[in-house]
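All remarks here apply to the structure that follows.
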Amino acid sequence: MSVRHLPLIAALFATPALAADPALSQTIQQNYQSKLAGLFDHFHRNPELSFMEVNTAARLAKELRELGYTVSEHVGGTGVVAILKNGPGPTVMMRADMDGLPVEEKSGLPNASTVKMKDREGNLFPVMHACGHDVHMTSLIGTAQIMAATRSKWSGTLMLIGQPAEERVGGAEAMMKDHVWERFGKPDYALALHVLSDIEAGKLVVVDDAAWSGSDFVDITVHGIGAHGAFPHMGKDPIVIGSEIVLALQTIISREKAPREAGVITVGSFHGGTKNNIIGDRAELQLTVRSESAETRKLMLDAIKRVAVNTARAAGVPEDKLPEVKYGPSTPPTLNDAALAQRVRTAFAKHFGNGIFMDGYKRLHMGAEDFPYFTQEPYIPSVYFAVGGTPKAALDAQKKGGAPVPSNHSPLFKAEAETAIRTGVEATVTALYDLMKKK
């Protein structure tokens, strides 16, 4: 896969580290103690599933409205848009996602979620903020506090978005289909952040290229010919054919995709058969496909269909029973605008000092995001940066063979909330001050 690391431009090494603005840091600390800590506790204890963030969205809207923002609710379902106009200048959007995950929390935290909730299909699940969206929402409100209180330091229009259903890769698209830019104005710049467990708390990462990968869901229905399990020659076994497809798909990664191009094909679900001694006539495969360029995405999606169909042909499946390949929800890669990323990173370095960056960080995963639906068409220069969520001691212990740090989406996930939120607020405000400089 492509090497993804923190690009540190030469300018960052040209001057000694500068201290963060003590007044801003102190204000954020006071705001955290007086308001944000309790707000984070509320969000963490009360997660809601994708497209069902009714109470979460209402609380987010209430907090922003009380700060003087013009707030619109029910955008794209449960989405929230808050606007603060402060004279001439660019419109800058900052997004926070709101949904929790169908995961039972086992973090051991005193405010661990005990919520259970039925999803839109009626299935009952325990729910937790296993990806840090509670941190993101609290940081958004912390940013709103500072920006509303310091209007003399910036000029333009600030747009804050509470987005539903990031985890199901649909909320950003739903808001766009609800004409968010036509209704509220198209931003000149767009920002977002994510707390990550593999980054040290209090550190930031800003890349020039792909902050997140693109994702496609693919479903393959393998048709066979049913028979008795003791008479396999009388049928065409879809489980055997499906198994061959699963293995053959990996040759796309190892033998068709260029080695330095990022790409993943994972079969996450395989269902077939009903009983020990029956060869069924159907098997279902569900795939996730990850990529970071349009060319690699097309190569993999085309090859998946070719492999599935021709593996069945090789097994003697009749032409009218060849596999069906259906392409489901997808999201493109989250590609930072390189020039804007360098500008934001320079602003961070001037404010915090070079030590704010997690030196040598490499993104080894291919997690995906639906943020590009906001920024891809029409194109909006954007930066999606990462905020550390795990204490340095825990990461150091892991490197020495100690307890592994739970990843995002783990039932054990727990962010160092205060550090992550305060860093997220201060970084966002710093970027906004730079992009909305008063002339």
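Given H placed on each backbone N at 1.01 Å, which residues far from D97 in sequence or on other chains put an amide H within less than 5 Å of it?
Q163
With both bridge residues required to lie in the chain, what share of the DSSP beta bridges run antiparallel, to the nearest 5%?
In the chain, approximately 70 percent of DSSP beta bridges are antiparallel ones.
Just rank S291, S243, fewest to most, by other beta-carbon atoms within 10 angstrom.
S243, S291
In the chain, with Lys and Arg counted as +1 and Asp and Glu as -1 at Cβ, which of these residues, V309, I225, P126, has the Cα nearest the positive end of the dipole, that is, farthest along it?
P126
So what J values fall out for the range 212-227 if you push phi through Karplus, 6.51 cos²θ - 1.76 cosθ + 1.60 with θ = phi - 60°, rounded to Hz, Gly and Pro as x?
Going residue by residue, I get 9, 8, x, 9, 10, 9, 10, 10, 10, 9, 9, 9, x, 10, x, 6 Hz, with x marking Gly and Pro.
For the range 296-309, just list the computed ³J(HN,Hα) in residue order, Karplus coefficients 6.51, -1.76 and 1.60, θ = phi - 60°, integers in Hz, with x standing in for Gly and Pro.
After applying 6.51 cos²θ - 1.76 cosθ + 1.60, I find 5, 4, 4, 4, 6, 5, 5, 5, 4, 5, 4, 5, 4, 5 Hz.
Can you spot the lysines whose alpha carbon is less than 21 Å from K438's alpha carbon? Ignore those fewer than 8 places along the same chain.
Cross-link targets: K85, K153, K186, K350.
Before rounding to the nearest 500, sum -39500 (n - 2.57) across all DSSP H runs of length at least 4 in the chain and divide by the residue total; then give [θ] at 222 nm in deg cm²/dmol.
-10000 deg cm²/dmol
Taking the Cα centre of the chain as the origin, how large is its charge dipole in debye, to the nearest 20, when only Lys and Arg (+1) and Asp and Glu (-1) carry charge on their Cβ atoms?
The dipole of the chain has a size of about 760 debye.
Just tell me which aspartates and glutamates come within less than 17 Å, Cα to Cα, of K400; anything on the same chain fewer than 8 places away is out.
D198, E200
Could you tell me which residue out of M176, F357, Q250 lies farthest along the dipole of the chain toward its positive end? Charges go on the beta carbon: Lys and Arg +1, Asp and Glu -1, centred on the Cα centre.
Checked the options; the winner is F357.
Counting other C-beta atoms within 10 Å, which of W154, W181 has the fewest, and how do the rest follow?
Sorted ascending by nearby Cβ count, the order is W181, W154.
Is the C-alpha gyration tensor of the range 72-154 telling us rounded, prolate or oblate? Criteria: a/c under 1.5 is rounded; beyond that, a/b larger than b/c is prolate, otherwise oblate.
Because a/c hits 1.5 or more and a/b fails to exceed b/c, the range 72-154 counts as oblate.
Grab the other residues whose beta carbon is less than 15 angstrom from that of G229, score K and R as +1, D and E as -1, and report the net.
That sum, taken over residues with Cβ under 15 Å, equals 0.
Output the 0 to 90 degree angle, nearest 10, between the alpha-carbon long axis of helix 238-251 and the longest principal axis computed from the alpha carbons of the chain.
Between the helix axis and the principal axis of the chain, the angle is about 50 degrees.
Name the shape class, rounded, prolate or oblate, that the alpha-carbon gyration tensor gives for the range 214-331, where a ≥ b ≥ c are the square roots of its eigenvalues, rounded holds for a/c under 1.5, and otherwise prolate holds if a/b is larger than b/c and oblate otherwise.
prolate
So what does the Cα-only Debye profile of the chain read at q = 0.07, 0.09 Å⁻¹, as log10 I(q)/I(0), no solvent term?
-0.39, -0.62
For the cross-link pairs K116/K414; K118/K177; K62/K362, which exceed 28 Å when the distance is taken from alpha carbon to alpha carbon?
K62/K362, as the Cα separations exceed 28 Å there.
Can you list the residues, at least 5 places off or on another chain, whose amide H is less than 5 Å from the amide H of F51, using H built in the peptide plane?
Here A165 satisfy the definition.
Relative to the first principal axis of the alpha-carbon coordinates of the chain, what is the inclination of helix 417-435, with its axis defined by its Cα atoms, in degrees from 0 to 90 and to the nearest 10?
Relative to the chain, helix 417-435 is tipped by roughly 70 degrees.
Would you pull out the residues with amide H under 5 Å of G156's amide H, same chain only if 5 or more places away, H placed 1.01 Å from N?
Hits under the 5 Å cutoff: N86, G87.
Among all the aspartates and glutamates, which ones have a C-alpha under 19 Å from K35's C-alpha, if same-chain residues fewer than 8 places away are not counted?
Straight-line reach from K35, under 19 Å: E63, E66, D134, E416, E418, E426.
Taking a ≥ b ≥ c as the square roots of the eigenvalues of the Cα gyration tensor of the range 11-115, is the shape rounded (a/c under 1.5), prolate (a/b larger than b/c) or oblate?
Oblate, because a/c is 1.5 or more while a/b does not exceed b/c.
Mind checking which of T428, P22, M300 is farthest towards the positive end of the chain's charge dipole, using Cβ charges of +1 (Lys, Arg) and -1 (Asp, Glu) about the Cα centre?
Going by the Cα projections, it comes out as P22.
Could you compute the net charge surrounding P88? Neighbours are other residues with a C-beta less than 14 Å from the C-beta of P88; K and R count +1, D and E count -1.
+4
Pop out the ³J(HN,Hα) list for the range 168-182 in order, Karplus 6.51 cos²θ - 1.76 cosθ + 1.60 with θ = phi - 60°, rounded to Hz; leave Gly and Pro as x.
Taking θ as phi minus 60°, the curve returns 9, 6, x, x, 5, 5, 5, 5, 5, 5, 8, 6, 4, 6, 5 Hz for the range 168-182.
Under 23 Å between alpha carbons: how many lysine pairs meet that in the range 214-331, if sequence neighbours fewer than 8 apart on the same chain are excluded?
11
Quick note: the coordinates plus some simple rules give every number you see, no bench work behind them. All values derive from a computational prediction rather than experimental measurement. Ideal geometry is used to build each Cβ from the backbone, glycine not excepted, and the neighbour counts take in all protein chains shown.
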